[in-house]
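Accompanying notes for the structure given below.
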Amino acid sequence: MKIKRGDKVQVITGSYKGTIGDVIEVAPKHDKVKVEGVALVKKHLKPNQINPDGGIVEQEAWIHVSNVMAYDSKAKATSRVGYTDVKGTKTRVYKKTGSVIK
């Protein structure tokens with residue numbers, strides 16, 4: 001999977017289409033990612049010692065990695081991710097601009 005935690009991505013399909021956010025969590029075994037502010041769901045929490053009142057919490061749900069695309073902030077556009085050899089190390093780059101991903 002070419003998307004990593006901390007990458008900036010744009011949602012390319014679904015009800016959150018066009019939304020840009022950072023990847024919070026990645027599940028490569030299931031090809032899923034959590035993006036900040038995307039696919040928000042409400043989770044009901046039972047009361048416990050830390051949260052004695054319980055309550056309802058809004059959090060991000062998993063979305064499939066095929067529904068997001070890497071976003072290049074400098075070019076202000078989405079791009080596919082490729083790999084190139086920079087000084088003997090394998091480095092991820094944006095295919096559209098050729099710039100190195102942080």
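Hydrodynamic estimate: the Kirkwood radius of the chain over Cα pairs, inserted into Stokes-Einstein at 37 °C and 0.692 mPa s, corresponds to D of 216 µm²/s. Of S79, S66, the residue with the largest accessible area leads and the full order is S66, S79 (1.4 Å probe). By a 1.4 Å probe calculation restricted to protein chains, D72 has an accessible surface near 10 Å², given to the nearest 10. Computed extension length for K76-N51: 4.9 nm, one decimal, from 0.36 nm per residue of separation with the Cα-Cα distance subtracted.
Convex hull volume of the Cα atoms in the stretch 44-102, per residue, in Å³?
Numbers: hull volume 9.8 nm³, N = 59.
For the stretch 44-102, the hull spanned by Cα atoms encloses 165 Å³ per residue.
Protein heavy-atom accessible surface, 1.4 Å probe, per residue over the chain: 70 Å².
Here the accessible area is traced with a 1.4 Å probe on the protein chains. For the chain, carbon and sulfur cover 51 percent of it. Here's the list of aspartates and glutamates a cross-link from K42 could span, going by alpha-carbon distance under 15 Å and ignoring same-chain residues fewer than 8 apart: E58, E60. When we measure straight from the Cα of K96, which lysines land under 20 angstrom away, once same-chain ones fewer than 8 places off are left out? Leaving aside lysines fewer than 8 places away in the same chain, those within reach of K96 are K2, K4, K8, K74, K76.
The values are calculated or read from the model by the stated rules, or taken from the named source; none is laboratory data. No experiment lies behind these values; they were computed from the predicted model shown. When the accessible area is computed, the model is the full protein with side chains, heavy atoms only, and any ligands, DNA or RNA have been set aside. Shrake-Rupley method; radii C 1.70, N 1.55, O 1.52, S 1.80 Å.
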